[in-house]
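In what follows, a structure is listed as structure tokens, so that the remarks can point back to it.
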Amino acid sequence: MIRNKFCTLSTKLAQLILTTVTIGIAFLILGGITSFAATASDNGATIQRTMWLTGEPANGGSPVTLSSVVSSDSPTNYKAPGDVTTPQNGRTVNLDKYKNLLIHYSVENISSQAEKVEAVLFFPNYAPVFSYDSSRANQISFNSEQTDPKFTDGYSYVGGSYTATPISDQTPIAIYMGGPIDPADGAPSAQSLSPTKKLTMVAPVKPNSHFDFNNPIDDSFYNDTYVFGFVSDDTDTQLGDQDLYAKPFKNIVLANEESLPATNYDNYNDLVKAAVANVTALFNDDATKDTTTDPASIVKVTPGTTAGSWNIDYNYSGVSKHITGIKTTDASYIDGKDFKVNYGSNWDSQKFNGLTKHLDQNGQAVTKLSDGVNVTIQLNGKTVNAVDTNNAGAVYDVTYTTGNNAASKTVKVTVGQRGNIPSNNNSNNNNSTTNNNGNSGNSAWNPSNPSNPNGTGLPNYAAVKGSAVYATKGIYMYRSANFKKSQRMATYPKAKRVNRPMFVVLGYDKSNGGALRYKVRDVNHGKKTAGKVGYITANPKYVVNVYYKTMPKSHKITVINKKGIHAYKNVNLTGRAKTFKKGTHVTVKSFEKHNLTTRYKLSNGTYITANKKLVIQGNY
């Protein structure tokens with residue numbers, strides 16, 4: 001009887017595989033339950049089968065459910081993760097944002113009496129979308145909530161027989177939970193499953209390399225569950241089937257995922273064209289095709305560690321992909337950044353202000369970035385001779401090209417609004433950022449009686465360019481001086497004094513309303529925001545100098561840095577002389593400026609820092 005049942009199960013599996021391959025449906029046979037104790041209709045209602053697909057977020061985190069279905073559902077009634085009431089006709093699986101996919105299959109006795117079952121999870125060896133991932137064979141798992149009688153775990157290989165232990169040099173086509181396996185012929189058997197008890201099997205799957213991700217189709221992935229019931233007279237009765245549907249796609253579809261083809265590329269521009277052509281399709285997060293985004297906008301090619309070597313990075317919809325670039329014979333490279341010019345300013349003196357890096361054909365840095373660089377300008381797709389700084393609000397595409405046409409970079413130049421008149425627009429052609437100090441008459445920008453003798457017109461509280469400031473309250477960093485929520489680059493919550501976010505002032509700008517902004521670089525080392533350049537408020541209620549500018553009235557300071565501070569023989573803090581632990585009260589005699597910082601001088605002639613994150617005036 002057991003042998004006949006085993007042959008019938010194998011025959012049914014072969015018929016299903018043959019039928020599915022013939023009609024070309026993407027399918028996945030995932031399980032069968034064999035019952036000896038109930039009729040087909042009884043068992044279909046008392047044995048609940050559940051299947052679900054999980055994946056780990058690519059950027060880290062716990063696995064999430066991507067698609068699920070239970071045997072009580074109709075074939076098209078799918079549940080969104082965590083939702084047991086709302087039908088969803090299919091789930092999309094973003095293979096750029098999820099990895100380490102697992103198929104789970106559970107069998108639960110929801111009746112009031114024991115039922116004999118055997119559960120089989122067939123691997124998707126025949127599906128055009130997913131296949132069993134043998135590289136993660138150690139993630140196959142079996143779990144039974146029942147210990148008596150104990151269920152047997154098993155593996156099935158080509159030929160249809162089952163074994164209780166895996167065969168190391170073969171790839172299984174199914175796993176099994178049921179009664180003892182006949183050692184003579186590998187035939188499975190049914191085991192009694194108690195009420196409310198559940199069996200669960202898990203297997204790893206991966207996307208197939210030959211699936212056409214340029215045209216993912218709606219019916220490209222089925223998990224077909226066929227359940228076979230065997231009554232005592234060995235009659236083969238099919239209890240029913242169910243489909244678990246998931247549509248796979250990628251945000252970024254590349255012709256070559258690892259590296260570009262081994263073709264000779266003469267220079268950077270040729271390589272960029274090849275990197276852009278490597279993008280064959282883009283998809284939104286809802287799996288709809290993006291036909292508007294220019295692939296060139298998501299590609300970044302940067303120099304590698306040796307001259308003429310390159311890194312190619314793709315960034316789109318929160319997905320980053322990196323491939324290896326082929327070495328070019330010409331190592332020329334040019335890079336730049338978007339920038340702004342003030343209304344009515346002189347364009348010729350600023351036209352190279354967008355340059356940030358320039359390498360010659362040997363990969364050596366060019367000292368004067370503008371040397372040998374040609375400039376072409378377009379406005380709304382039409383070539384023009386120059387940026388018209390009287391065209392308020394206009395955005396120009398400015399392209400820098402090396403003299404040998406081997407490398408180029410296009411940046412956006414925005415003309416400021418009328419009234420943003422610069423005090424100094426001279427360029428040194430070394431392409432440092434211009435100081436766009438304005439004079440609009442707004443008291444937030446230019447107080448009526450500034451005490452600063454440098455003629456900048458900046459308010460008295462303004463931090464000196466190149467000095468350090470920190471935030472005493474929660475602030476944001478923005479892409480421009482006109483603060484908009486959509487342009488926020490980073491968030492800095494209010495923090496304790498010793499942990500306050502710190503910045504170096506690179507320059508100044510003002511909003512359309514005249515409010516002073518600092519252009520800064522984030523110097524919070526070890527934080528994700530470190531190195532970001534943007535704009536923050538200059539309001540002294542939120543941002544102040546990191547270094548004290550005055551003596552404490554009591555001539556006392558308290559060390560607040562948990563690691564303490566050191567006293568030094570020299571004002572540049574060299575020649576360590578003594579260490580003061582946290583909480584130490586130190587008497588200071590005077591303070592001295594050193595470059596853009598200040599030091600407190602002690603009575604013995606040594607110096608300590610006046611950094612507010614390390615010390616505080618007074619006794620605490």
Of all residues in the stretch 396-418 being outside any strand (DSSP E or B) and either of a type in the set (A, V, I, L, M) or free of Cβ contacts under 8 Å to residues at least 12 places away in the same chain (or both), which is surrounded by the fewest Cβ atoms within 10 Å (Cβ to Cβ)? 406
Taking the stretch 513-568 and keeping residues on the phi > 0 side of the Ramachandran plot and free of Cβ contacts under 8 Å to residues at least 12 places away in the same chain leaves 526, 531
Given (1) outside the structural domain of residue 477 (by TED's automatic domain parsing); (2) loosely packed, with under 15 Cβ neighbours inside 10 Å, index of the condition residue 573 fails: (2)
Quick one: which residue in 424, 449, 429 is surrounded by 14 or more Cβ atoms within 10 Å (Cβ to Cβ), outside the structural domain of residue 301 (by TED's automatic domain parsing) and at pLDDT below 85? 429
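Quick grid of which residues meet (1) assigned to a strand (DSSP E or B); (2) modelled with pLDDT under 90:
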{"position": "170", "(1), (2)": "no, yes"}
{"position": "176", "(1), (2)": "yes, yes"}
{"position": "185", "(1), (2)": "no, yes"}
{"position": "201", "(1), (2)": "yes, no"}
{"position": "211", "(1), (2)": "no, yes"}
Does residue 345 satisfy the criteria of being closer than 30 Å to residue 390 by Cα, outside the structural domain of residue 59 (by TED's automatic domain parsing) and polar (S, T, N, Q)? yes
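Which one is farthest from residue 561 (Cα to Cα), of the residues in the stretch 586-617 that are hydrophobic (A, V, I, L, M, F, W, C) and assigned to a strand (DSSP E or B)?
Ranking the qualifying residues of the stretch 586-617, first place goes to 591.
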Considering only residues of the stretch 270-297 that are assigned to a helix (DSSP H, G or I) and buried (at least 21 other Cβ atoms within 10 Å of the Cβ), which is farthest from the chain's Cα centre (by Cα)? 271
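Here's the yes/no breakdown for (1) farther than 24 Å from residue 595 by Cβ; (2) surrounded by 15 or more Cβ atoms within 10 Å (Cβ to Cβ); (3) among the β-branched types (Val, Ile, Thr):
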| position | (1), (2), (3) |
| --- | --- |
| 459 | no, yes, no |
| 473 | yes, no, no |
| 481 | yes, yes, no |
| 493 | yes, no, no |
| 496 | yes, no, no |
| 522 | no, yes, no |
| 530 | no, no, no |
Can you name the condition, by its number, that residue 503 falls short on among (1) closer than 24 Å to residue 562 by Cβ; (2) over 27 Å from the mean Cα position of the chain (by Cα)? (2)
Scan the stretch 151-174 for residues that are of a type in the set (A, V, I, L, M) and either closer than 13 Å to residue 134 by Cβ or not assigned by TED's automatic domain parsing to the domain that holds residue 108 (or both) and jot them down. 167, 173
Selection from the stretch 187-199 of residues at pLDDT 90 or above and assigned to a loop (DSSP other than H, G, I, E, B) yields 194, 195, 196, 197
Just for strands (runs of 3 or more DSSP E) wholly inside the stretch 313-376: which have at least 1 residues that are under 34 Å from the mean Cα position of the chain (by Cα) and farther than 14 Å from residue 414 by Cα? 319-324, 333-336, 355-359
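Consider the stretch 286-329. How many of its residues are touching a Ser or Thr at 6+ places or on another chain (Cβ under 6 Å) and over 17 Å from residue 264 (Cβ atoms)?
Matching residues across the stretch 286-329 total 3.
The values are calculated or read from the model by the stated rules, or taken from the named source; none is laboratory data. Bear in mind that the values here come from a model prediction, so they are computed numbers and not experimental data. Methodologically, a virtual Cβ is constructed for each residue, glycine included, from the backbone with ideal geometry; neighbour enumeration extends over all protein chains shown.
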